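Below is one structure, written out as structure tokens, with a few remarks after it.
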Amino acid sequence: MSNATDKQTGAVQTTGHAWDGDLQEYNNPLPRWWVWAFYATFVFAIVYWLIYPTWPVGTSFTKGFGNNITFTNDAGETVTTHWNTRAKLAYDMEFSDGAVKQREYLDLIIGASYDEILSDPDKSAFMRSYAKGLFGDNCAACHGAGGTGVIGLFPNLVDDAWLWGGSTAKIEETLRHGRMGFMPAFAATFDEQQLDAVAAYTLSLSGHEGDAEQVAMGQKIFQGEEGGCYYCHTAAGTGLESVGSANLTDSIWTVANVPGAEGYEAKHAAVRNVIANGISRHMPAWEGRLSDGEIKLLTAYVYSLSGGE
């Protein structure tokens, strides 16, 4: 039967091809709406290529004919550029309703004193919300997301034990100028017996009982010119904020992992290792990297983690 006859009878048309005698291929055209939709995608693509940044050209790309966007960059400069998602984000962060309101409240917070920020529930809540992001971006890599630090590497900020002082003034000073934590290595100064003795005495300051004779020997070295440990840690072992020396009497350990050691011998070995090898830690200065307002918010946030002082 021919295709013309098929049209007249209303039967389904075929392409006229046949296989195995009776296997034929239908000739069903696409729906007209689908064809027009397909053509529309071509039109849309061409319009899109013209309006938005699209095609790579050498080391650059086509910029499109979309509206230019003007925004302020991180350096405080006003920049006008072609439309792109990065510029749109920068514009929204600078001029959207939410950004404007946030900036207004941020200026209010920055203009307040630390006492006002920490005592006012609204100001304190805003400070925590904003500064948590700053802490995550700049501090969490070392001190951890919650500020608990890593024993032996980075101080814990939530335990209320401050090497350099925990007042808002001291914390701000630390953030602005950084800190250099240093204790000389005594491996070449003390012999094995002296190292054991000083480690035993150091542990005794926090209530760990060791060999009495060894502790007495360690005390003599610690308090005398032979070791001179009291210069930094004081005769009572309570440390000095002016040099960032640790308080050895509070059972809070920032370098020797005494809490994680099981048994007296393991604790003794941890302290001995620190005495023998010394300490060298450096926290970078954030002045110049962060604005004065960001440093102020971070100061209040870090202070609030442990209650300060």
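Here are the numbers for the structure shown:
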quantity: Computed over the chain: relative contact order in percent, which uses C-alpha pairs under 8 Å that are six or more apart; calculated: 17 percent
quantity: Residue among GLU287, GLU262, GLU241 with the largest mean-square fluctuation in a Gaussian network model of the chain, springs linking Cα atoms under 10 Å; calculated: GLU262
quantity: Net lengthening on full extension, GLU226/HIS17 (0.36 nm per residue, minus Cα-Cα); calculated: 64.6 nm
quantity: Lysine-lysine proximity count for the chain, Cα under 25 Å, sequence distance 8 or more or distinct chains; calculated: 13
quantity: Gaussian network model of the chain, Cα within-10 Å springs - most flexible of ILE295, ILE46, ILE275; calculated: ILE46
quantity: Kirkwood Rh and Cα Rg combined as Rg over Rh, evaluated for the chain; calculated: 1.36
quantity: Residue with peak Gaussian network fluctuation, the chain [Cα springs, cutoff 10 Å], from THR202, THR62, THR254; calculated: THR62
quantity: Per-bin percent of Cα-Cα distances, the range 179-283 [10 Å]; calculated: 16, 54, 29, 2
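Read-outs throughout are calculated quantities, based only on the coordinates presented, and are distinct from any laboratory measurement. Here the structure is a predicted model, which is why all the values come from computation and not from measurement.
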